[in-house]
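*Asks:* First the structure, which I've put down as structure tokens, then a few questions once you've had a look.
The values are calculated or read from the model by the stated rules, or taken from the named source; none is laboratory data. Bear in mind that the values here come from a model prediction, so they are computed numbers and not experimental data. Reconstructed Cβ throughout: ideal geometry from the backbone, glycine too, with neighbour counts over all protein chains shown.
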Amino acid sequence: MPQTPALDFLLTRRSRPAKILSAPVPDRAALETLLTAAVRVPDHGKLEPWRLVVLAKPALARIADQAEAFARARGLEAEKVAKARSQFDDSPLAVVVVGCPRPTDKVPALEQTLSAGAVCLGLVNAALAAGWGACWLTGWVSHDPELAPALFGLAPGEWVAGIVHIGTATQTPPDRPRPDLSAITTWVEA
């Protein structure tokens, strides 16, 4: 049975940049619904090779301070310092999707990585479908091998798949150009 409203949503969905998100944000019950939808992804072997870290506004402010201090101590250029701060300063709520690969011979690490990415997209889409603004970001803070574990409580072998920012969109950004399907598709009929 076709799900026309769902397909219409997917054909028109677009992220909302973190810098245009503000309060209010979903309350805990509403966020739990979004998280429940987000983790309904392909997960071969039922490994759950991901986990979630919810960052409320006070945590985001702390992380912004720590990221700035870390960047300054490393002598990073002012643009990188500002970018590190702004992602967390501007956001009213964020969910860190942590990739935590599970040792197994049955499911390749790549499939587990893709499952974590699917959680990120699932959360963005769930938030957008529920009427919130949302976007999926990372950045150098997410990938720094020294800083990311300290900020997000990563265990050895874990990594940040994405930081999904959620809030009320204060404006509608212009749509961006979309891929030319004919340029990226090969049809094999026999």
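*Asks:* Can you tell me which residue among 179, 149 is in a loop (DSSP other than H, G, I, E, B) and either of a type outside the set (A, V, I, L, M) or closer than 21 Å to residue 97 by Cα (or both)? Let's see the steps before the verdict.
*Replies:* Numbers: 149 fails: in a loop (DSSP other than H, G, I, E, B).
Answer to the selection: 179.
*Asks:* Just the residues that are surrounded by fewer than 13 Cβ atoms within 10 Å (Cβ to Cβ) and of a type in the set (S, T, N, Q), please, taken from region 1-32.
*Replies:* Residues satisfying the conditions are 3, 4, 12.
*Asks:* For residue 118, state whether it is surrounded by fewer than 21 Cβ atoms within 10 Å (Cβ to Cβ), more than 29 Å from residue 81 (Cβ to Cβ) and in contact (Cβ under 8 Å) with a residue 40 or more places away in the chain. Write out each step before concluding.
*Replies:* Working: surrounded by fewer than 21 Cβ atoms within 10 Å (Cβ to Cβ): yes; more than 29 Å from residue 81 (Cβ to Cβ): yes; in contact (Cβ under 8 Å) with a residue 40 or more places away in the chain: yes.
In short, yes.
*Asks:* Please tell me if residue 155 is of a type outside the set (D, E, K, R), more than 17 Å from residue 26 (Cα to Cα), out of contact with any Phe, Trp or Tyr (no Cβ under 9 Å at 6 or more places or on another chain) and at pLDDT 95 or above. Give the steps one after another, and end with the answer.
*Replies:* On the way: of a type outside the set (D, E, K, R): yes; more than 17 Å from residue 26 (Cα to Cα): yes; out of contact with any Phe, Trp or Tyr (no Cβ under 9 Å at 6 or more places or on another chain): yes; at pLDDT 95 or above: yes.
In short, yes.
*Asks:* Given the conditions (1) within 24 Å of residue 170 (Cβ to Cβ); (2) surrounded by fewer than 17 Cβ atoms within 10 Å (Cβ to Cβ); (3) touching a residue at least 40 places away in the same chain (Cβ under 8 Å), report the number of the one that residue 42 does not fulfil.
*Replies:* Unmet condition: (1).
*Asks:* Filter region 23-37 down to the residues that are in contact with a strand residue (DSSP E or B) (Cβ under 8 Å, 6 or more places away or on another chain) and under 13 Å from residue 120 (Cβ atoms) and list them by number. Spell out how you get there, then give the answer.
*Replies:* Our first condition is that a residue be in contact with a strand residue (DSSP E or B) (Cβ under 8 Å, 6 or more places away or on another chain); within region 23-37, this holds for 23-26, 31, 34-35.
Passing the criteria: 34, 35.
*Asks:* Of the conditions (1) touching a residue at least 60 places away in the same chain (Cβ under 8 Å); (2) in contact with a Gly (Cβ under 7 Å, 6 or more places away or on another chain); (3) surrounded by fewer than 19 Cβ atoms within 10 Å (Cβ to Cβ), residue 133 satisfies every one except a single condition; which number is it?
*Replies:* (3)
*Asks:* Output the residues belonging to region 20-63 that are under 17 Å from the mean Cα position of the chain (by Cα), part of a helix (DSSP H, G or I) and small (Gly, Ala, Ser).
*Replies:* Across region 20-63, the qualifying residues are 37, 38, 59.
*Asks:* Test each condition in (1) touching a His at 6+ places or on another chain (Cβ under 9 Å); (2) over 17 Å from residue 162 (Cα atoms) for residue 17 and report the one that comes out false.
*Replies:* The one condition residue 17 does not meet is (2).
*Asks:* Identify all residues within region 69-125 that are among the acidic types (Asp, Glu) and either closer than 23 Å to residue 155 by Cα or in a loop (DSSP other than H, G, I, E, B) (or both); write none if there are none. Spell out how you get there, then give the answer.
*Replies:* From region 69-125, those among the acidic types (Asp, Glu) are 77, 79, 89-90, 105, 111; that's our starting set.
Result: 77, 105, 111.
*Asks:* Shifting gears a bit: Being more than 23 Å from residue 25 (Cα to Cα) and at pLDDT 95 or above is the filter here, so list the residues in region 158-179 that pass it.
*Replies:* 158, 159
*Asks:* Residues in region 166-187 that are closer than 14 Å to residue 14 by Cα and of a type in the set (Asp, Glu): how many?
*Replies:* Total meeting the criteria: 1.
*Asks:* Kindly indicate whether any position in region 139-151 is modelled with pLDDT under 95 and among the small types (Gly, Ala, Ser).
*Replies:* Within region 139-151 (the criterion being modelled with pLDDT under 95 and among the small types (Gly, Ala, Ser)), the answer is yes, since at least one residue qualifies.
*Asks:* OK, next. Residue 49 passes all but one of (1) within 16 Å of residue 95 (Cβ to Cβ); (2) surrounded by 13 or more Cβ atoms within 10 Å (Cβ to Cβ); which number fails?
*Replies:* Among (1) within 16 Å of residue 95 (Cβ to Cβ); (2) surrounded by 13 or more Cβ atoms within 10 Å (Cβ to Cβ), the lone unmet condition for residue 49 is (1).
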